1. Over 32 Å between C-alpha atoms is what I'm after, so list which of LYS99/LYS119; LYS72/LYS99; LYS5/LYS48; LYS72/LYS136; LYS72/LYS105 land there.
2. Residues in region 80-122, backbone N under 20 Å from the label point at SER40 (7 Å along the Cα-to-beta-carbon vector): list them, ranges by number please.
3. Assuming R0 = 22 Å, what is the FRET efficiency of ARG95 and ILE57, from their Cβ-Cβ distance, to the nearest 0.05?
4. Among (i) 22, 18, 16; (ii) 28, 19, 16; (iii) 33, 18, 14, find the value of semi-axes √(5λ) of the Cα gyration tensor in Å that was calculated from the structure presented, and write down its label.
5. Sum -39500 (n - 2.57) across every DSSP H segment of at least 4 residues in the chain, then divide by the residue count to get the 222 nm mean residue ellipticity, nearest 500.
6. Take PHE32 and LEU160, extend 7 Å from each Cα along the Cα→Cβ direction, and tell me the distance between the two endpoints in nm.
7. Please report, ordered by residue number, every helix of the chain (full DSSP H runs) that is 18 Å or longer along its axis going by C-alpha atoms and whose mean Kyte-Doolittle hydropathy reaches 1.6.
8. Any idea which of ALA41, THR52, LEU11 is furthest toward the positive side of the dipole for region 1-132, if Lys and Arg beta-carbons carry +1 and Asp and Glu beta-carbons -1?
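Values quoted throughout were computed directly from the atomic coordinates according to the rules given, and no laboratory measurement underlies them. These numbers were taken from a predicted model, which means no experiment stands behind them. Don't worry about glycine lacking a Cβ; one is built from the backbone with ideal geometry, like all the others, and counts go over all protein chains shown.
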Amino acid sequence: MNFIKQREILLPITFLFLFSAAPSSEGVMFFFFTNHLHFSALFMGQIKVISTLGNLIAIYIFHKFLRNIEFKTIFFYSAILAILVYESQIILLERYNLKLGIPDKVFALFDSFIIHLLKEINLLPILVLGCKICPKNIEATMYAFITTVINLGSLISLQLESVLAYYL
């Protein structure tokens, strides 16, 4: 495990952890969808399917058009777009979508699709970066470690999201 102490590995791993640990709004939106908009379990499943479709299309877009673009460029622009798209949830929360004539279910489906598409496009260059920093002859161990760091960050993200939602 001495390889982790190397600066060219430690800094990206720290970044991956902090990036993964940032709280999201998925749990809060689930609560809003089920308790305020009264979406059924069937419709929540449809949102999940549409979200997964967004992930798959993002993988295709990344492979076809973005894989040769520098990490910093993709990450910067996808992060900016993701911030703007996440703000679209305010439209639904404040019910502006109804004033625009967009039904809740249509808005929720489209919004979930776009959010997951951008989230995946934002994540893919990070995974590519993880592959690039793997030292020779321990690639599998290093990639497993990177995946563990991302999953630990995601777990902390859920906890932070819950604490923030409770206090807000």
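1. The answer is LYS72/LYS99; LYS5/LYS48; LYS72/LYS105.
2. So the set is 103-110.
3. Details: r = 29 Å, r/R0 = 1.30.
So, using R0 = 22 Å, E works out to roughly 0.15.
4. This structure yields the entry labelled (iii).
5. -25500 deg cm²/dmol
6. 2.0
7. Details: long enough: 7-21 (21 Å, 1.55); 41-61 (30 Å, 1.52); 71-93 (33 Å, 1.66); 104-132 (42 Å, 1.17); 139-167 (42 Å, 0.97).
Span-like helices in the chain: 71-93.
8. Highest projection toward the positive end goes to LEU11.
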